[in-house]
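Beneath this line is the structure, given in structure tokens, with notes to follow.
Nothing in this text is a laboratory measurement; each read-out follows from the coordinates by a stated rule. Just so you know, these numbers come straight off a predicted model, no measurement behind them. Ideal geometry is used to build each Cβ from the backbone, glycine not excepted, and the neighbour counts take in all protein chains shown.
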Amino acid sequence: MINKLSIDGDRLYRSLDALGAVGAFDDPRTGLRGVCRLALTAADGAGRLHVVKQLREAGLEVRIDQIGNVFARRAGQDDRLRPVMIGSHIDSVATAGRYDGCLGVLGGLEVVRTLNDARRATLRPLVVAFFTDEEGARFGTDMLGSAVATGRIALEEAYAFQDRHGVSVQGALAAIDFLGEADPRLAAPYAYLECHIEQGPVLRAAGVDIGVVRGVQGICWHEVTIVGRSAHAGTTPMALRADAGVAAARINLALRDMVASGRFGPEFRATMGVILPDPGLVNVVPGQVTATVDLRDPDTALLDAAEAAIIAFYAEAARMEGVTITHRRTARTPYVGFDQGIQDRIDAMADARGLSHAEIVSGAGHDAQELARLCPAGMVFVPGEYDGISHNPRELSTEGQCANGVNVLLDVAIALADEPATHEDFR
Ligand code: GLV
Ligand code: MN
Ligand code: MN
């Protein structure tokens, strides 16, 4: 049965705008206002304080764990029961818009505000969460906070990760005063829900309101270090060069060839997002390049094969260019499927609101894939304008698109939060 409540779409959108003003910058490439709240920077700290203040004003009890994840709790009628958790992230890439992650967190806040306004209690507690460094854009490993909370990455290992300037996760958490005290190992919630922008073109092109996410594709990241010999660009004969830049280019083109070969399936994607030459000067052969490789595939076995193929190519490129190439795997997650029962509920709630919906596999990584190890988890996607462009200031989901997603989030959250106790609640 559908509940009678609806969220306030205008209030939700205003809260997205207000958070989007924290860490905003004028982007010369697009002429738009973008967002830069890289994890655990001062801007992320300011965004965190901004959101925590609103969570507290909504009457929630806020807890911060040792990896800086934030959990804000609304009591249930039976407060002993496992909570329904709604979450996502508020850190961003350096060139972000205002919706990625924030819709899930502020959507959770909007669900709570809606329940508060209606004085609507739920049987189970509700928790609105945001997780540290989902993006991985500063410290190199994505879903960091949720991976620690669910035990995939050890706390001490996460603390030791460093950014390009040698600042550690632990040091950065302390610097913004978000090194909390709560045990980072999260007790299993009853269920986990996340509303997110699709970050791709599919839903918008199909004219569909709601994406029912089946799962998240596998992700593999490498940091690649290529060491050659820097030398004068004008005097060094071509045959005497060990050009790290050319080796990086070969790897980048090999990725493109791997995609074109079709060997890794029709959905395989490969990207070299970082290419940093050292010294990076017009008249110097690059002696060193630091690069990254991002491989994605919904088929975990094909992703394994693609990783093996690119590792083999590193050796070939090293031989061809007379350089040394080493790599470090900074992220690796398999395909994660979401709970069928939650997908069925999202379908039913969208139908009840007269919203069209379609199944979709997420191309981006999400905290929900980590929480899926602990409890039934599911995601609601909303479409985005401009081919769903994301990780770009042009990123835009309209007020109506966002409100549709958060209304479905509200409906599913209420239904789950009113489910009676089971034996598992008292283990
Ligand atoms: C997170 O945004 C990702 O890289 O998928
Ligand atoms: Mn995100
Ligand atoms: Mn993102």
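Multiplying the sequence separation of Ser168 and Arg80 by 0.36 nm and subtracting their Cα-Cα distance, what value in nm do you get?
Roughly 28.0 nm would be gained on extension.
Percent of alpha carbon pairs in the stretch 1-156 separated by more than 20 Å? Provide the component values of the computation, followed by the final result.
Numbers: 6088 of 12090 pairs.
That fraction is 50 percent.
What's the whole-number percent of alpha carbon pairs in the stretch 70-180 lying beyond 18 angstrom?
Numbers: 3436 of 6105 pairs.
In whole percent, the share of Cα-Cα pairs in the stretch 70-180 beyond 18 Å is 56.
Check each of the trypsin sites (Lys or Arg not before Pro) in the stretch 216-274 and keep only those in coil by DSSP with at most 14 other C-beta atoms within 10 angstrom; list them in order. The partial results should precede the final answer.
On the way: sites: Arg229, Arg241, Arg250, Arg256, Arg263, Arg269; in loops: Arg241, Arg263.
The qualifying sites are Arg263.
Could you work out, for the stretch 218-333, what percent of all Cα-Cα pairs fall into each 5 Å distance bin, beginning at 0 Å and stopping at the bin that holds the largest distance?
2, 13, 23, 22, 16, 11, 7, 4, 2, 0
In the chain, which helices (entire DSSP H runs) extend 24 Å or more along their own long axis, judged by Cα positions, while averaging at least -1.0 on the Kyte-Doolittle scale? Can you show the working numbers first?
Values: long enough: 244-261 (25 Å, 0.89); 300-321 (31 Å, 0.77); 399-417 (26 Å, 1.05).
The answer, listed by residue number, is 244-261, 300-321, 399-417.
Using every pair of alpha-carbon atoms in the stretch 256-305, split the distances into 10 Å bins beginning at 0 and state the percent of pairs per bin, rounded to integers.
24, 36, 22, 17, 1
Suppose we take every Cα in the chain and form the convex hull; what volume per residue is that in Å³? Numbers along the way, then the final one.
Working: hull volume 60.3 nm³, N = 427.
Measuring per residue, one finds 141 Å³ for the Cα hull of the chain.
Filter the trypsin sites (Lys or Arg not before Pro) in the stretch 62-107 down to the DSSP loop ones having no more than 11 other Cβ atoms within 10 Å, then list what survives. Mind showing how you got there, number by number?
On the way: sites: Arg63, Arg73, Arg74, Arg80, Arg98; in loops: Arg80, Arg98.
Here the trypsin sites (Lys or Arg not before Pro) that fit, given the DSSP loop and packing criteria, are Arg80.
Mind computing the radius of gyration and Dmax over the alpha-carbon atoms of the stretch 291-427? Å is fine for both.
So, for the stretch 291-427, Rg and Dmax equal 20.5, 66 Å respectively.
Express as a percent, rounded to the nearest 5, the fraction of DSSP beta bridges in the chain (both residues included) that run antiparallel. Present the calculation step by step, with values, prior to reporting the outcome.
Values: 48 of 69 bridges.
Rounded to the nearest five, the antiparallel share is 70 percent.
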